[in-house]
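Have a look at the structure below, then the notes.
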Amino acid sequence: MRPKLIDLHTHSTVSDGSDSPTELVRKAAEANLMALALTDHDTIAGLEEAEEAGHHYNIEIIRGCEISASSPYGEVHFLGLWVPKKCNELETFLARLRDIRNIRNNQILEKLATIGRPLSLETVFAESGGESIGRPHIAKAMVRQGYIEHMDDAFRLYIGKDKPAFVPKVDLRPEDAVQMLHNMGATVAFAHPMLLRCPKGWQAELVARLRPYGLDAIEAYHSEHSAVDERYCVDIAARHQLLLTGGSDYHGKSKSRIRLGVGKGGLRVSVAILEKLKAQRREKGLLC
Ligand code: AMP
Ligand code: ZN
Ligand code: FE
Ligand code: FE
């Protein structure tokens, strides 16, 4: 029997992925995934469409989103899984994060102009299919404008951390990000912890700090995690009695080496992971 696999971390055109929510779900069904979480950055605008497609293609959809917070070592990301429907507080919170994005996008464009790479906001909007706009759209606009050949070059030369047109995001404390998602009734996971360039052991310290604010799980399985990274995450989770999550962080063409469900080829996220997350929600009396 083939293993029953899932993917709990994906992006659509509603943020910086290249597949619409429907296309994404269709591809997940094609890849024989049993469940898929759509976790766009700072928006839940794609979830209804994904759920409809989930009915059509007979695949379980988990309503999610991904938000970023600041740390001394750069951004830390959190996934909210089973985010609620029609929740004003969540909508307002995410709208504020998108406003902050828009201010930052303008600041990045100002910096690009001063180094001889002017871009209009319209050309950036033209690269976006949704309401959450960020650096990947700026990178695409730079390719279209002929300033660079590949999106990667934009991050490497201009808008990546410490590059001339880089602008950090406005501070959101990890504690506040986790607490907000937790208060909404979401299951909160620390996304791709091992992508942080921080002193060894700092992720474990952060996990200990965030546990009281409602952190539920650690994304041990991720396209960019090595087997050693996975073991490290599994170990922290065990020490802090946290659950595990896993996903590809699929973005479609925007990160073409990462494939739905399997990441760079070796990723396998078992449905057993999902069952444990659901069991915890049931224990807490939360819907899933
Ligand atoms: P932002 O949220 O606007 O800061 O943009 C961050 C997004 O850019 C994340 O979703 C990353 O996955 C994506 N990203 C980071 N580096 C690259 C890269 N070299 N090529 C394409 N996308 C990238
Ligand atoms: Zn992204
Ligand atoms: Fe992320
Ligand atoms: Fe992501």
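Taking the Cα centre of region 126-213 as reference, the dipole from Cβ charges on Lys and Arg (+1) and Asp and Glu (-1) amounts to some 220 debye.
To the nearest 20 Debye, how big is the dipole of the chain about its Cα centre, given +1 on the beta carbon of each Lys and Arg and -1 on that of each Asp and Glu?
My answer is approximately 580 debye.
Less than 5 angstrom separates the built amide H of residue 74 from none of the residues sequence-distant by 5 or more or on a different chain. Please name which of 87, 77, 103 has its Cα lying farthest along the dipole of region 57-110 towards the positive end, using unit charges on Cβ (Lys, Arg +1; Asp, Glu -1) and the Cα centre as origin. After comparing all options, I get 87.
Relative contact order for region 93-158 using alpha-carbon pairs under 8 Å, separation at least 6, rounded to a whole percent?
26
Comparing 171, 42, 249 in a Gaussian network model of the chain where C-alpha atoms under 10 Å apart are linked, the largest mean-square fluctuation is found at 171. Distance between the C-alpha centers of region 247-282 and region 30-99? Whole Å please. Taking the Cα centre of region 30-99 as reference, the centre of region 247-282 is 14 Å away.
If you take the charge dipole of region 226-279 about its Cα centre, with +1 on Lys and Arg Cβ and -1 on Asp and Glu Cβ, which of 245, 271, 256 is farthest toward its positive end? Checked the options; the winner is 256. Calculated over region 64-117, the projected area of the Cα convex hull averaged across directions stands at 5.1 nm².
With the convex hull built on the Cα atoms of region 86-231, state its orientation-averaged projected area in nm².
On the way: hull surface 41.3 nm².
Seen from a random direction, the Cα hull of region 86-231 projects 10.3 nm² on average.
Phi angles across region 254-261 convert, under the Karplus curve 6.51 cos²θ - 1.76 cosθ + 1.60 with θ = phi - 60°, into 3J(HN,Hα) values of 5, 9, 5, 7, 9, 9, 4, x Hz, Gly and Pro given as x. Amide H to amide H distances under 5 Å link residue 62 with 36, 37, 38, where only residues 5 or more positions off or on other chains count and H is placed in the peptide plane. Computed from phi, the 3J(HN,Hα) profile of region 170-187 under the Karplus parametrisation 6.51, -1.76, 1.60 (θ = phi - 60°) reads 5, 4, 10, 5, x, 4, 5, 4, 5, 5, 4, 5, 4, 4, 7, x, 7, 8 Hz, with x in place of Gly and Pro.
Over the chain, what relative contact order in percent results from Cα pairs under 8 Å that are six or more residues apart?
22
Among 169, 253, rank each residue by its count of other Cβ atoms within 10 Å, from fewest to most, as a rough exposure measure.
253, 169
Semi-axis lengths, largest first, of the ellipsoid equivalent to region 1-121 are 31, 17, 14 Å, with √(5λ) applied to each eigenvalue of the Cα gyration tensor.
Per the Cα gyration tensor, the chain maps to an equivalent ellipsoid with semi-axes of 29, 22, 19 Å, ordered largest to smallest.
Of the cross-linked pairs 27/276; 140/161; 4/27; 140/163; 27/163, which ones have a Cα-Cα span greater than 27 Å in the structure shown? Exceeds cut-off: 27/163. Rounded to the nearest whole Hz, the Karplus-based 3J(HN,Hα) values (6.51 cos²θ - 1.76 cosθ + 1.60, θ = phi - 60°) of region 7-17 follow the sequence 9, 9, 7, 8, 10, 10, 4, 5, 10, 10, x, with x at glycine and proline.
Note on region 172-260: the C-alpha convex hull projects to 6.3 nm² when averaged across all orientations. Cβ crowding within 10 Å ranks 218, 108 as 108, 218, fewest other Cβ atoms first.
Quick note: the coordinates plus some simple rules give every number you see, no bench work behind them. Note that the structure is predicted; figures quoted are calculated from it, not measured. Quick reminder, even Gly has a Cβ in these numbers, built from the backbone with ideal geometry, and neighbours come from all protein chains shown.
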